[in-house]
1. Across the stretch 320-357, which residue is nearest to the chain's Cα centre (by Cα) among those that are open to solvent by less than 60 Å² (accessible area, probe 1.4 Å) and of a type in the set (D, E, K, R)?
2. Within the stretch 225-254, can you find the residues that are part of a loop (DSSP other than H, G, I, E, B), hydrophobic (A, V, I, L, M, F, W, C) and under 17 Å from Leu267 (Cα atoms)?
3. Out of the stretch 124-140, which residues are assigned to a loop (DSSP other than H, G, I, E, B) and within 10 Å of Gln48 (Cβ to Cβ)?
4. Can we say Tyr616 is open to solvent by 30 Å² or more (accessible area, probe 1.4 Å) and in the same structural domain as Lys563 (by the TED database)?
5. For the stretch 624-631, does any single residue satisfy the condition of being touching a strand residue (DSSP E or B) at 6+ places or on another chain (Cβ under 9 Å) and over 21 Å from Arg543 (Cα atoms)?
6. For the stretch 620-631, what are the residues that are crowded, with 20+ Cβ neighbours inside 10 Å and at pLDDT below 95?
7. Only helices (runs of 4 or more DSSP H) wholly contained in the stretch 1-98 count here; list those with 3 or more residues that are at pLDDT below 50 and open to solvent by 50 Å² or more (accessible area, probe 1.4 Å).
8. Only residues that are farther than 21 Å from Gln456 by Cα and either among the aliphatic types (A, V, I, L, M) or under 15 Å from the mean Cα position of the chain (by Cα) (or both): list them for the stretch 477-498, please.
Amino acid sequence: MREFLVFVAIFLAEFVVGDGRSNSSGVAASWRIHTLFSVECQDYFDWQTVGLMNSFRKSKQPGPITRLLSCTDEEKKDYKGMDLAPTFEVPSMSRHPKTGDWYPAINKPAGVVHWLKHSKEAENVDWVVILDADMIIRGPIIPWQLGAEKGRPVAAYYGYLVGCDNILAKLHTKHPELCDKVGGLLAMHIDDLRVFAPMWLSKTEEVREDRDHWATNITGDIYGKGWISEMYGYSFAAAEVGLRHKINDNLMIYPGYIPRPDVEPILLHYGLPFSVGNWSFNKLNHHEDGIVYDCNRLFPEPPYPREIQQMESDSNKKRGLLINIECMNVLNEGLLLQHKRNGCPKPPWSKYLSFLKSKIFTDLTKPKYPTPATLVMKEVRVQKQPVKKEHVPKRRAKKEHVPKPPVKEELVQKQPELDELQEPYPKIHTLFSTECSTYFDWQTVGLMHSFRLSGQPGNITRLLSCTDEDLKEYKGHNLAPTHYVPSMSRHPLTGDWYPAINKPAAVLHWLNHVDTDAEFIVILDADMIMRGSITPWEFKAARGRPVSTPYDYLIGCDNVLAKLHTSHPEACDKVGGVIIMHIDDLRKFALLWLHKTEEVRADRAHYATNITGDIYQSGWISEMYGYSFGAAELQLHHIRSSEILLYPGYAPDPGVHYRVFHYGLEFKVGNWSFDKANWRETDMINKCWAKFPAPPDPSTLDQTDKDSFARDLLSIECIRTLNEALNLHHMKMNCPDPSSLTDLNSGDESGAVVSRKLGKLDDVGKGDTLSTENSRESSEEAKEDGMFSSLRMWIIALWAISGFVFMVMIVSKFSGRKGKGVKGKHHKNKRRSASYMSFVDRNGQEKYARDLDASL
């Protein structure tokens, strides 16, 4: 009997956590697991602790959890949160005891070292899971089930640690080829952690002191302040002791991102802002928030699951939105339970509190377990540089601990030749970026109209960057297929006003939130008019070889600017405008594009015209340099094509069929001119029949100089296409005033002549199609004019009938009762008749507008 009781006690010990609650994950733990996270004595970390601890209990994570609490003696005097979690107190190193440097992030490795040295719990552990406080656990994190081995820890992928690939790694580790870009989730054997942790702290101090290499192009830190020194300390220390990670990019997800198909993330890291519809959350907004100690106050409630079901039809996007609200609901549930433990009075009933206590919420937040797809490790390129024998630390001398020398480059795919694609016609998706203003709306109308006429394959999406306030008043939601993006016009961290940054930020947001089967992405600007299709097979784009148009004024590619902002200045291409890029390249490149834009924008010391080519010396073209420097960093060499884009007002090369007009600059035809900047505050969209001043008739142009004549014809085509687009837009609005159509129709007839002439100029078959399209639209508009003429006659007739009825009513005053009754009935019938006829005519007009739209 005694032996049986001992067996039962041992069996139960496998399932009991530090606070005495059962934490069965469904499988008995083969080895002892301990979870650690590091915080400081602040309200900011207290509410994160409450959320993490609640998720720890719900997830059935095996083993105990310990909060490594770094506080000064002064901070501890007033600290109220000692009971929020099982806690091991650690001396604060926020202010370095020797250098005086203020760097709170160093408390993480310092706390781990202190715990290993002074905690008795550390003596009874096989595996350690290290998390950050701003995380929510969704399911048990069992190292050996995730693939961790002694000598091979598992970690999440942190691709922005570019210092692993450049001089930073060479300066701070003898084995730069072993540097892994990892962080976030760490699952490591205790023996490895004991060898590794002191080196982690030492390398963090070393990188932090290396101020000469804090630059963004070296570290990837957009602030250039050495803030991610601890992350590099981890990667360099692991390389130094010969630890190679199994890198997983599926286990952890940032709320706001869309999970990959068939992947079940088991850890949420809410380090970035995220949103669902009009609701959003940013942890930085709650830095001084004492919400843990404010009875019954919770974070703003997110939408309910049933609202998500109605909001999104795509199953994977819907799953992403449900993960977003799950993160916030688990945080709020934790606060609710903590308030009860604090002795707060019972909160009044509310629909949201009822939901948090419901079986539906319990079921939605049951422990999640990794699917086979979740456990797929990220394939790592191994460089050709071999590890020398003498560089392997003696403590790693055992065979199973020594990483195999990477004697050859693995997983390298053969790059296709420029004229060689896997499929003859890969799928294409076109993107363009705008903001919530009528200035961008009329540009959108022009681009969308030209897209329909161009024959461009695939779909098009407008990336619309707006603040919440802008969206409340915005009226142009239906102008194009739209992906909504949080505005970065005012930088959320620096406060810098720079709307151009929305372009790379929006592309990155789209990539992270939309599943696309397109192989190539075409990126345009809103102030463009398409004249034909832009395809990768025609312009020889391939994976690793994007196509773009020459922007030769980007002189910073040739001087100190490139040397400062990219480790490969020789790879800097002066390109922009139209971009054709393989989706795989864009996924790697987009984040760098954004980071480099922020970096160049922050480099005010090099705004001068002789360095950037920017005549205003305002850093306005930082985004363009961000693109070129980001591509150079990845050594993406562009095919530059001068046959894609033309600025109206520039003379075309003979025989070239340009696919895009970019009307970003003022252009003229005789005494007539057009500058888009003059129309920034004019509402061309919501004011019925608004249009731009008509250009000269082509028949009045001087044809002596063929180049000038060709230039002017193209300029006229551009503005006529814009006016044509506005005209059709106003038809769809059912604008009531038909009188201005006459002039517009005559203008469109001239436009058809221009298109026919340009068809000869361009010598492309598409020209005939465009001319036919314009002729058909002009013919349809003539019918519309006839319809409105008929409408005018009905209005006149209605007035006549009304006058007659008025006279009848006057006469009826002097007539008998019988006569009055007869006339009243007659008046009623007349009114019904007039109203009915007016209704029929308006509906006929609406049907015609719909038919015209469908024909486009």
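The values are calculated or read from the model by the stated rules, or taken from the named source; none is laboratory data. Just so you know, these numbers come straight off a predicted model, no measurement behind them. Reconstructed Cβ throughout: ideal geometry from the backbone, glycine too, with neighbour counts over all protein chains shown. Ligands, DNA and RNA are stripped out before the accessible areas are found, and what is left, the full protein with its side chains, is counted by its heavy atoms. Shrake-Rupley method; radii C 1.70, N 1.55, O 1.52, S 1.80 Å.
1. Checked the stretch 320-357; the qualifying residue nearest to the chain's Cα centre (by Cα) is Glu326.
2. Leu251 - this is the single residue of the stretch 225-254 that is part of a loop (DSSP other than H, G, I, E, B), hydrophobic (A, V, I, L, M, F, W, C) and under 17 Å from Leu267 (Cα atoms).
3. Step one: filter the stretch 124-140 for residues assigned to a loop (DSSP other than H, G, I, E, B), giving 125-126, 132-134, 138-140.
Correct list: Asp132, Ala133, Asp134.
4. yes
5. Yes - at least one qualifying residue is present in the stretch 624-631.
6. If the condition is that a residue be crowded, with 20+ Cβ neighbours inside 10 Å and at pLDDT below 95, then no residue fits.
7. Working: elements: 2-13, 43-59, 73-78.
So the answer is 2-13.
8. Across the stretch 477-498, the qualifying residues are Tyr484, Val485, Pro486, Ser487, Met488, Ser489, His491, Pro492, Leu493.
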